[in-house]
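This report concerns only the one structure given below.
None of the figures in this text is laboratory data; all of them are computed from the coordinates on show. Not measured: the values here are computed from a predicted model. Here the Cβ positions follow ideal geometry from the backbone for every residue, glycine too, while neighbour counts run over all protein chains shown.
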Amino acid sequence: MRELNEQKKGKQKRPAQSNGSTQDTEHLTRYQRWQARAKGLIDERLRHESKRMIVVKFFIAPILCVIAALLLFLFLDFDTFTKVGGLMLVYFVPPAGKETVIPTGVFVFGINPLLMAFSIAFVDIVTAIFLLWNYDYAKLIPFVGEWMDKVEKKGGKQFQENVWLEGLAFFGLVLFVIVPFQGSGGVGASIVGRVIGMDKYRVVYAVTIGALSGCVLIAYISEAFREFFRKNLVLGIIFFIIIVIIVAIYLIHKRKKNKDEINK
């Protein structure tokens, strides 16, 4: 009987303790709430994985980046290294996309199309690998977490508007990476893959195939434009102006559409 009474008392006390904890969190600073959330994520991971495995999974992607930087430094001349490395860093920062970074490297700086394509594809692949094991940690990063939330909504919307993409799943995600629009890189595809419930490793495979295919395609199209400009400068300038006008109209229409959706 005593044991039953103690259990009942324990059950009655638990709600009071949980209420107190929620009240405490309301008085915490933003940093303290962030710290508590981070600690909760780490504790959750430690229940399923060893500390060593968590550290290994966290640092695999950064180590790959360091190795890639060393290889580029060893095999490229310093001028090309700084250009390629700079563009890779720019690609890490939204809203820069492969549709702008690769043409800049190939068309403006004259970098080899394959080198430019594989360099940018590497960024997509390595970010997908990082998010494979550290998605929740990435969402803790200030501004990055908010941006990831936006991509989750935007990416989910893209698949809702194009039901055939969601039906294809794996190949739909490959196409999502290939098609050059904002948020379609390694980060965006990893987030969308998570939203539609795809296996994490299949997401990395899809990003790898899509990134390599899309980057090579954009790189060689940029190279073709570069050759066209060399041979037909006047026609090239006219063609370039037409493209700029089309892109400007598209961006204005897109911005207006986004404003209308927000007003709704």
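Structure notes:
- Loop-located chymotrypsin sites (Phe, Trp or Tyr not before Pro) in the stretch 97-148 (DSSP state other than H, G, I, E, B) with a sparse environment of at most 16 neighbouring Cβ atoms within 10 Å: Phe109, Phe143.
- As a rough guide to protection, the peptides 210-221, 59-70, 193-204 ranked by mean Cβ packing within 10 Å, highest first, stand as 210-221, 193-204, 59-70.
- Counting other Cβ atoms within 10 Å as a rough exposure proxy, the listed residues Asp136, Asp124, Asp149 run Asp149, Asp136, Asp124 from fewest neighbours to most.
- Counting only Cβ charges, +1 for Lys and Arg and -1 for Asp and Glu, the dipole size of the stretch 37-231 around its Cα centre is about 360 debye.
- Applying a threshold of 25 Å to the alpha-carbon distances of Lys150/Lys256; Lys51/Lys139; Lys39/Lys139; Lys51/Lys153; Lys51/Lys150 flags Lys51/Lys153; Lys51/Lys150 as lying beyond it.
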